Each structure stands twice: as structure tokens, then as C-alpha cells.
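Derivation of every value follows stated rules applied to the coordinates shown; laboratory data play no part. Predicted, not measured: the structure shown is a model, and the values here were computed from it. Note that each Cβ is placed from the backbone with ideal geometry, even for glycine, and that neighbours are counted across all protein chains shown.
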Amino acid sequence: MLVNPEHVPVLADQAVSFLEAAGVPGNGKIVDCTLGLGGYSEKILRTFPQVQVYALDRDPAAVEIAEARLTGHGPRFRAFRANFGAMEEVLAEYAPLDAFVFDLGVSNMQLADGERGFSFQNDGPLDMRMDSSGAGITAANLLESLSAEELTEIFWLYGEERHSRRIAAGIAEHRRRKGPLKTTGELVGLIREILPAPVQRKMGGHPARRVFQALRIRVNDELGELEAGLLAAAGLVSPGAVVVVVSYHSLEDRVVKHTFRTWEREEKRGKALAKRPVLPSAEEIEANFKARSAKLRAFQFSDICELKQTRR
């Protein structure tokens, strides 16, 4: 497999700057919680020549590509095929750990492969599973089995889609008359049929974008995984450890903001390193369109925090 030469990690310079400013040890242990194509891991390994990077990804294809890309760093890099929600079990023997970096959302590799079903611009099966091994429900399963009311809830809760009820009703009617949807192209075409042209023009983007986001989040339980991943990280930290999260929509950012606030105000475990999220510059957005919606938040645990007992 070849690494996409256009793959550029979003807000990577800013993330590394937080690690440096927080005093992450030069020989510390850093977790790349969302390995993807290895952009963040590579940036960290090059910036900190002595650190050990442990990387997690549920997608076996991503792990294979990243391992090939980073083979030159030898034993300083180790990848695990696992959800970051399971990192307490995967990384317990390496704790305490000095930093955790989360770059959320779907990767460029997954979007570019039409067979994965993530993109509304490439036709393919309605899959959307980040674990490409074949386990778990697919977007097609949801669209075929859930009622219009249940689909409405998914499109509104995870996609913040204003026209969720109309779209869900249209999908249910299509299912009744013509059978279940099978491909991303069929879903996009149906959404375009359901929504009047004036409505589509006012949406400020592709009319299927929010529905695809909602299905992807639901299929992969992304918000639940994020909450579990942050909780797991908090159970593995060394004194002074840093957590950096780059999110791409308000639902993710809300989880991160609430978690950091709980750690700081209720549990008194440390402090957020910036009052407001760090945003990409105009230059980065121009160079990397994916960066347009990114927000970075960072948190540092207190120097006197104690490592929690890892659950067995």
C-alpha cells in the first residue's frame, strides 16, 4: 500500500508546541490515539528524537500503512490495532504515559476509498465501518432496519441535520416502494430527490454531508469511543501529562470541552492549557481543506496527580 502524498496532519505544529511547552520529557512515552496514516506519529518522532510512541487505530489497513511508513524509527514506534477506548487494557504495561494526542474523525485514506462508503463524492457500498475487517453493523444495516423516527433521531443527534425528519421519511418511503438502499450514490441521489432545490442551495454545502456524518458516527459509536478514550487516558497519565485533542465538529468538541472542564473544576486534576480552542490559520486552511473545521484543545494534569489503578 502507498501512503497518500497529500496526507497532511491538521494542527500538528500547534499540537507539538503544546507538548514542548508543557515539558514532555525528551525520553517520554507518547500515545498517538488515532494513528491513521501516521502523520502525527511521524511529526512527534521527528520532533522528540528519544521518545517512544505507542499508536492505536481500529483500522487494520491504517496500521499496515503507518507501520510501513515509520519503519525507519525502529523500536521507538509501536502500533496496536485497537480502539482508543480500549487503551487501558492495551497500554497498561507501559504506564505511566506522558502525553496523548487524538486527531479525530475520518482519515483521508478512508474517504478516498469508495469501497469503504464514507464519502458522498465516491460511489460505493453503504459501509462506513472504521474497522475494515468486517465486524459490526454498516450504514446499510441502519438504513434498512431502523424506523423513520429512529433515523430522524440519528440524523438530528449526530448530524445536526435540520431536515432530518423529511429525509428519514423519504428513506422509509423509498424502502417501502423500491427496497433498501445499497450504495452511497443511491443515498445521495435520494437525498437530492427529497430536498427541494431551494433548500439545497441554502444548506451551504453538499446536501448529504450531515446525513453521512451522522451515519458514520452512529456506525462507529464515535462519541462513546471518545468519552471512553479520554477516560482511559486519565487512568494512565504520569504527573504533568498532557492530552491534546483535534476535533472536527461541534459534537466532538463538546465532549472534549466538558471532559476537560470536569477534570479541572470538579476533580481538580490539572488545567486546560488554553481558554479557547486553537484554530488553524488561513494559510493552513488554504493548504489543507480538511483543516477548515478543526479545533484543538489541550489539558495538562497536575504534577502531583497519581496514576489511577488500571482496571483489569
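Odds and ends about this structure:
- Environment charge at Glu64 (Cβ cut-off 15 Å; Lys +1, Arg +1, Asp -1, Glu -1): 0
- Length added when fully stretched, Asp13-Glu93, from 0.36 nm per residue minus Cα-Cα: 25.9 nm
- For the chain, leaving out every one of the GluC sites (Glu not before Pro) that falls in a DSSP loop and has at most 15 other Cβ atoms within 10 Å, the longest unbroken run is 7-159.
- In a reduced charge model with +1 at each Lys and Arg Cβ and -1 at each Asp and Glu Cβ, the chain shows a dipole moment near 820 debye about its Cα centre.
- Angle in degrees between helix 209-220 and the longest Cα principal axis of the chain, rounded to the nearest 10: 60 degrees
- Counted by neighbouring Cβ atoms within 10 Å, the residues Lys275, Lys178, Lys295, Lys43 run from fewest to most as Lys275, Lys178, Lys43, Lys295.
- Whole-angstrom gap from the range 247-262 to the range 70-141, using each part's C-alpha centre: 20 Å
- Projecting the Cα positions of Gly134, Ser145, Ser164 onto the charge dipole of the range 120-220 (unit charges on Cβ atoms of Lys, Arg, Asp and Glu, taken about the Cα centre) puts Ser164 furthest along the positive direction.
- When the Cα positions of Pro96, His73, Ser302 are compared along the charge dipole of the chain, Ser302 comes out farthest toward the positive end, with charges on each C-beta of Lys, Arg, Asp and Glu.
- Placing +1 on the Cβ of every Lys and Arg and -1 on the Cβ of every Asp and Glu, with nothing else charged, gives the range 172-312 a dipole about its Cα centre of roughly 600 debye.
- Cβ-based exposure ranking for Ser238, Ser133, Ser17, in which fewest neighbours within 10 Å come first: Ser133, Ser17, Ser238
- Given the alternatives (i) 45; (ii) 52; (iii) 41, percent of Cα pairs over 28 Å apart as computed for this entry is given by (iii).
- Summary value for the range 120-220: 40 percent relative contact order, contacts being C-alpha pairs under 8 angstrom separated by 6+ residues.
- Taking every DSSP helix (H) stretch of at least 4 residues in the chain, weighting each as -39,500 (n - 2.57) and dividing the sum by the residue count yields a mean residue ellipticity at 222 nm of -12500 deg cm²/dmol.
- Between helix 184-194 and the chain there is an angle of about 60 degrees, using the helix long axis and the longest principal axis of the Cα atoms.
- Positive-end residue, the range 120-220 charge dipole about Cα centroid, Cβ charges, pick of Leu187, Pro207, Ile217: Pro207
- Least to most buried among Met87, Met109 (fewest other Cβ within 10 Å first): Met109, Met87
- In the chain, the DSSP beta bridges split such that about 40 percent are antiparallel, to the nearest 5.
- Translational diffusion of the range 168-270, µm² s⁻¹ [Kirkwood Rh, Cα pairs; Stokes-Einstein; 10 °C; 1.306 mPa s]: 94 µm²/s
- Under 19 Å, Cα to Cα: Lys pairs in the range 208-312, sequence gap 8 or more or different chains: 8
- Note on the range 120-220: semi-axes of the ellipsoid equivalent to its C-alpha gyration tensor, largest first and rounded to whole Å, are 20, 15, 13.
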